[in-house]
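Reviewing the structure listed below.
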Amino acid sequence: MVFTGLLLAVALAQFEPGPAEYYAQCRTLYDKQVLAGARAACELSLVADPKYAPALKLLARIHLDEGNIEQASDLLDRLQSMGDNSLETRTLKARLLLVTGRPAEALGLVGPVPGPEAARVKGRALEALGRFREALKAYRDAAVLGEPRARIDAARLLERMGDPQGALEEIADLDDPTLLPLRGRLLWVAGRLPEAARVLERAVEHLGSTEPQYTETLRTLALVYYGMGDLRRGALVLGQMAGGANLATALLSSSWLWLLGLVILVGLHLYGESRIEPVSALEVQTEDGWGVGRVYAMLLLAWLLGATATELLGWSLYRNWLAAFTPVQEQLVRPVFYIVAALVLAVFGWGSIQPQDASKEGNEVPEPRVGRVDGLWIGTTLLAVVLTYAWISKQLGGLAPMPFLIYRPLGALAIAALALAEPMLRVRLPASLRLRYGAQLTPALAVLASGLFLISPVLLWWAVAAILLAVQLRIRNHSAAMMGWAVLAVLLLVGGYLPWVRTLF
C-alpha cells in the first residue's frame, strides 16, 4: 500500500511539476545559453512557488545577462526582503550596482566574497574606479579559480593600459573563433599589421553579417589595410562595409561639431566682408604685414607640418600610416602633432612677444607686469574645464573624446607646448581680425578659428580659447596665458596619479 502511494505521488509529480523541476529545466537551458527558454522556465518555477530562492537568483542572473536592469533589481529586492544574504545574492547585487554606475558600493559588497564570479566582479569594480593594477590581479585570480571570461577582461584592460603585447599573451592559448576579432584588434594596436590583417580576414569569415562585431571587425580591417598603404583592399573592405552601414552618416556623426563650427566661421567672415565699405574693400596692411589671410596661411602651414610629422613618425615606428587613429599608438603620435604645430606657430608669432615700440612722442609704453599668481589661477581654471569636459563627454557619449591621454608625460608635454602658440592665436590672429572686421566680430572669429585649428575635441578648445582670449583682453598680456598652459600641464601630470582622474579619459 505504501509502495503504491509512492508510485502515485511520483506520477502526479510528473504531471504537475513543482518549482524544483522547473528550476532544473531553467538551469539546463541557461547552461546551454538558451536565455529565452531559461527565463520562461524560471518564471514557471516562481508561479509554482513565488519564494523559491534558487529560481529567483537564476532569473535575476538571466535578466542581468540580458541587460534588463529593472527586472533584476526587483528580483534582488525580493531576495533581500526574504532575508537572503548568500554569497551568490551578494555577487548578483554587486553586478547590479556596477551596471548602475556604483562601483565603489559594488566593491564593498563583493570584496570579501570568495569564488570566480565574485573575483571577476571585483576586477570590474576596481577597473571602473581607475585602480587598474588591482583590477588586473583580480581578473587573473578569477581566471585561476575557473572563470575563463576573466582572461578576456584582463586582455582588454591591458590594452587600455597601453600594453597590447601583454594582452595578446594573456589570451595566447585560448583557441576560440569568437576571439578572432579581439586578437586581430590587439595585433593591429601592437603594430603587427600583416598578422592583424590575416587574423581579421579569418574573423570576417566566421562572423555573420548580422552579428554586432561584424561591422566593427570590417572597420578595423579597413584601417589595417590603409595603414599598410594597401589602398585597393582598403577600398574593397569599405565597399563591403557600405552594404551594412551608412558610412557618410558615421563620418558626419563624428565630425558634425567641427563642420558646424566651420560653417559658422565662414558665415561670419561673409557677414564681416559684407559690412566693409566698397571704398575700403582693399585690406590695409599693418606695419609687419599680418593680415587675416596671412595668419590663416600660417595656421594651415602649422597644421600641415604637424600632420606630416605624425604621419612620418607613425610609419617609422609602426609601419602604420594611420597610427594617429590607432589605439595605444595614437598616445605617442597625436601629441607630436600639437607639439610640432605649436613650435611652427611660435616661430611665426615670435615678433608679437616683443614689447611695444616707443610711441611717436618718444615715451616708452610699458608692458603690464604679470605675476605668477595669474598663471596659477588660469591653469587651475583650465584644469577644471578639461575635467568637466572629460566627464561630460564620457556621460553623453556623443562628443569627441580627448585627443590623447593628457595626464601621461608626452600628453602633458603637448599641453605645455600649446603655450608657444599663444602669441599667434591670442595676439596676431585677433589683431588681424580686428583690423579687418572691427571689434564686434573679432572674439567670435578668433575663438572659432583657434578651436577648429586644434581639430579635436573642438568643443573643449573653443571653451579654452574663449577663456584665454578674455584673459588677453583683460590683462593685455599673453604671458599669463602661456604660464597657464604650463601650470595646467603640471596639474594634469600630478592628477594622473589619482585613480578617479584616469577613469575620465
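The values are calculated or read from the model by the stated rules, or taken from the named source; none is laboratory data. Worth saying up front: this structure is predicted, and the values here are computed from it rather than measured. Positions of Cβ are generated from backbone atoms using ideal geometry, with glycine treated the same way; all protein chains shown enter the neighbour counts.
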Exercise. Could you list, in sequence order, all residues of region 388-442 that are under 19 Å from Q472 (Cβ atoms), of a type outside the set (A, V, I, L, M) and crowded, with 19+ Cβ neighbours inside 10 Å?
Key: E422, P423, R426, R428, P430, S432, R436, Y437, T442
Quiz item: Within region 279-293, is even one residue modelled with pLDDT under 95, outside any helix (DSSP H, G or I) and crowded, with 16+ Cβ neighbours inside 10 Å?
Solution: yes
Quiz item: Can you tell me which residues in region 200-214 are of a type outside the set (G, A, S) and surrounded by fewer than 22 Cβ atoms within 10 Å (Cβ to Cβ)?
Solution: E201, R202, V204, E205, H206, L207, T210, E211, P212, Q213, Y214
Exercise. Determine whether region 22-36 contains at least one residue that is modelled with pLDDT under 85, more than 18 Å from A72 (Cβ to Cβ) and surrounded by 12 or more Cβ atoms within 10 Å (Cβ to Cβ).
Key: yes
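Which residues, taken from region 84-135, are aliphatic (A, V, I, L, M), part of a helix (DSSP H, G or I), crowded, with 17+ Cβ neighbours inside 10 Å and at pLDDT below 90?
Across region 84-135, the qualifying residues are L109, V110.
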Exercise. Tell me, please, whether a residue that is touching a residue at least 60 places away in the same chain (Cβ under 8 Å) and within 17 Å of the chain's Cα centre (by Cα) can be found in region 430-448.
Key: no
Quiz item: Of all residues in region 422-454 being part of a helix (DSSP H, G or I) and of a type in the set (S, T, N, Q), which is farthest from G398 (Cα to Cα)?
Solution: S432
Quiz prompt | Entirely in region 155-252, the helices (runs of 4 or more DSSP H) that have 2 or more residues that are at pLDDT 90 or above and either among the polar types (S, T, N, Q) or farther than 30 Å from E134 by Cα (or both) | solution = 193-206, 212-228, 231-242
Self-check item: Pair list, Cβ < 6 Å and 6+ apart or interchain, from region 455-466 residues that are within 11 Å of Y389 (Cα to Cα) and in a helix (DSSP H, G or I) to residues that are β-branched (V, I, T) and modelled with pLDDT of 95 or more
Solution: A463/V385
Self-check item: All positions within region 254-272 that are exposed (fewer than 15 other Cβ atoms within 10 Å of the Cβ), in contact (Cβ under 8 Å) with a residue 24 or more places away in the chain and of a type outside the set (V, I, T)
Solution: S254, Y271
Self-check item: Of all residues in region 457-475 being modelled with pLDDT under 90 and farther than 20 Å from L420 by Cβ, the one that is surrounded by the fewest Cβ atoms within 10 Å (Cβ to Cβ)
Solution: R474
Practice problem: Can you work out which of the residues in region 371-392 that are farther than 17 Å from L504 by Cα and not β-branched (V, I, T) is modelled with the lowest pLDDT? | Solution: G371
Quiz item: Taking region 484-505, which residues are touching a residue at least 24 places away in the same chain (Cβ under 8 Å) and either part of a loop (DSSP other than H, G, I, E, B) or of a type in the set (F, W, Y) (or both)?
Solution: W485, G496, L498, W500, T503, L504, F505
Practice problem: Return the pairs, sorted by first residue and then second, in which the second residue is in a loop (DSSP other than H, G, I, E, B) and hydroxyl-bearing (S, T, Y), the first residue lies in region 41-70 and is over 17 Å from R90 (Cβ atoms), the beta carbons are less than 7 Å apart, and the residues are 6+ apart or on different chains. | Solution: S45/Y52; L46/Y52; I69/T100
Quiz item: Residues Q356, Q395: which one is modelled with pLDDT under 90 and within 25 Å of the chain's Cα centre (by Cα)?
Solution: Q395
Quiz prompt | L345 being over 17 Å from A431 (Cβ atoms) and at pLDDT 80 or above | solution = no
Quiz item: Restricting the first residue to region 214-239 and requiring it to be in contact (Cβ under 8 Å) with a residue 24 or more places away in the chain and aromatic (F, W, Y), which pairs with a second residue that is outside any helix (DSSP H, G or I) and crowded, with 23+ Cβ neighbours inside 10 Å meet a Cβ separation below 7 Å and a spacing of at least six or different chains?
Solution: Y226/L322
Quiz item: Applying the selection to region 59-69, what residues are within 23 Å of Y22 (Cβ to Cβ) and either part of a helix (DSSP H, G or I) or touching a helix residue (DSSP H, G or I) at 6+ places or on another chain (Cβ under 7 Å) (or both)?
Solution: L59, A60, R61, I62, H63, L64, D65, E66
Quiz item: Restricting attention to region 323-342, does a residue exist that is more than 28 Å from the chain's Cα centre (by Cα) and either at pLDDT 55 or above or of a type in the set (G, A, S) (or both)?
Solution: no
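Considering only region 475-483, I want to know if a residue exists there that is outside any loop (DSSP other than H, G, I, E, B), more than 13 Å from L413 (Cα to Cα) and among the polar types (S, T, N, Q).
Taking every residue of region 475-483 in turn, at least one turns out to be outside any loop (DSSP other than H, G, I, E, B), more than 13 Å from L413 (Cα to Cα) and among the polar types (S, T, N, Q).
What about A416, is it closer than 24 Å to L301 by Cβ, over 24 Å from the mean Cα position of the chain (by Cα) and in a helix (DSSP H, G or I)?
No: the conditions fail for A416.
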